[in-house]
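Visitor: If you scroll down you'll find the structure; I have some questions about it.
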Amino acid sequence: MFGPPGSGKGTYASRLSAKLGVPHISTGDLVREEIKNQTEMSKRINDYSSRGLLVPDNVICQLLQQRISQPDCNRGFILDGFPRTIPQARELETISTTDLVINLEVPDTIIIERLTSRLTCRACREIYNERFLKPRIEGKCDKCNGQLYHREDDQPSVIQRRLDLYREQTQPLLEYYGGKNQVRNVSNKEPGVLPEKVVEEIIQIIQMKRN
Ligand code: AMP
């Protein structure tokens, strides 16, 4: 799943994972898990991620490699938030293959609106929105009843830095994968479009690629 922060990568990947029966791997979640567990790496990682900066390639590639080596990834997986740089894409090629890149196209105005009102479950990481995708019970996750919170890096000053970094370092990957004929664009210009509708569109794209 490819696209700027707030384009819906996590929201769609979580639903696709349930429908397709393959794991959803968010490198942002792997990073937050390290920080929560106060591992050896966590202090170094937090210095970057709390400021909206990218974690060094070697660190993030190590986290991804550990995750991909788990048996549940044998049948494939959905990557969300990885790769974010050309060196990461090259590293990915040494550990796995890529079939399809779903590029989510969303205008910046909608991204900023979504991120400032985004809520995340502390326990299972499910994503909600105070305005567009409300939980059934305020402050509680529909799936696991966990507590919902605003991510530290979802503040206006940090959001702008994350968007700038996306344009500079991550967007060039579209050309990289475009050259392999793996990119399919999914446009989403309405802030409140139902995730299920977008997921349906992505599933059709996957089926067309399979046939
Ligand atoms: P995300 O949840 O995808 O927005 O990621 C949250 C934060 O984790 C990012 O702002 C980065 O600091 C870090 N991060 C996640 N994925 C990567 C990646 N592929 N490369 C570098 N840093 C990453």
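Visitor: Rank-order 16-24, 60-68 by packing density, defined as the average count of other C-beta atoms within 10 Å over each peptide's residues, highest first.
Guide: Output ranking for 16-24, 60-68: 60-68, 16-24.
Visitor: Could you check how much of the accessible area of the chain is carbon and sulfur, as a whole percent, using a 1.4 Å probe?
Guide: 48
Visitor: At a threshold of 8 angstrom on Cα-Cα distance, excluding pairs fewer than six apart, so keeping six or more, what relative contact order does the chain reach in percent?
Guide: 29
Visitor: Per residue, what accessible area does segment 23-128 have, given a 1.4 Å probe and all protein chains present, in Å²?
Guide: Accessible surface, normalised per residue, equals 49 Å².
Visitor: Go ahead and collect, in residue order, the members of segment 1-40 whose backbone nitrogen is under 19 Å from a label point 7 Å along the Cα-Cβ direction of residue 187.
Guide: Hits in segment 1-40 for residue 187 at 19 Å: 2-4, 7-9.
Visitor: Just check the chain against the gyration tensor rule for me: Cα atoms, a ≥ b ≥ c as the square roots of the eigenvalues, rounded for a/c under 1.5, and otherwise prolate or oblate depending on whether a/b exceeds b/c.
Guide: Because its axes are fairly even, with a/c under 1.5, the chain counts as rounded.
Visitor: Can you run phi through the Karplus equation (6.51, -1.76, 1.60; θ = phi - 60°) for segment 11-22 and list ³J(HN,Hα) in whole Hz, with x for Gly and Pro?
Guide: So the Karplus estimates, Gly and Pro as x, are 4, 6, 4, 5, 6, 5, 4, 5, 6, 9, x, 10 Hz.
Visitor: Among 6, 25, 65, whose Cα projects farthest towards the positive end of the dipole of segment 1-105, with charges put on the beta-carbon of Lys, Arg (+1) and Asp, Glu (-1)?
Guide: Selected residue: 6.
Visitor: Find the lysine pairs in the chain meeting two conditions, Cα atoms under 25 Å apart and a separation of 8 or more places or different chains, and report how many there are.
Guide: 26
Visitor: Charges only on Cβ, +1 for Lys and Arg, -1 for Asp and Glu: so what's the dipole of the chain about the Cα centre, in debye to the nearest 20? Write down the numbers at each step before the final one.
Guide: Working: 31 positive and 28 negative charges, 73 e Å.
With only Lys, Arg, Asp and Glu charged at Cβ, the dipole is about 360 debye.
Visitor: Rounded to whole Å, give me the distance from the Cα center of segment 156-180 to that of segment 27-60.
Guide: Spelled out, the Cα-based centre of one part sits 19 Å from the other.
Visitor: Further question on the same structure: Under 13 Å from the Cβ of residue 160, count the other residues' Cβ atoms, weight Lys and Arg +1, Asp and Glu -1, and hand me the total.
Guide: Working: positive: 51, 161, 162, 167; negative: 108, 153, 154, 164, 168.
Around residue 160, the surrounding residues sum to -1.
Visitor: Could you tally the net charge around residue 113, taking each other residue with its Cβ under 14 Å from the Cβ of residue 113, Lys/Arg +1 and Asp/Glu -1?
Guide: Combined, the nearby Lys, Arg, Asp and Glu give 0.
Visitor: Note down the nm distance, to one decimal, between modelled labels 7 Å out along Cα→Cβ at residue 175 and at residue 48.
Guide: Each label point lies 7 Å from its Cα, and together they span 2.3 nm.
Visitor: Using the basic label-point model (7 angstrom from Cα toward the beta carbon), what is the residue 205 to residue 19 distance in nanometres?
Guide: 1.2
The values are calculated or read from the model by the stated rules, or taken from the named source; none is laboratory data. The structure displayed is predicted, hence computed values, not measured ones. Cβ atoms come from the backbone with ideal geometry, glycine included; neighbour counts cover every protein chain shown. For accessibility, only protein heavy atoms count, side chains too; no ligands or nucleic acids. Shrake-Rupley method; radii C 1.70, N 1.55, O 1.52, S 1.80 Å.
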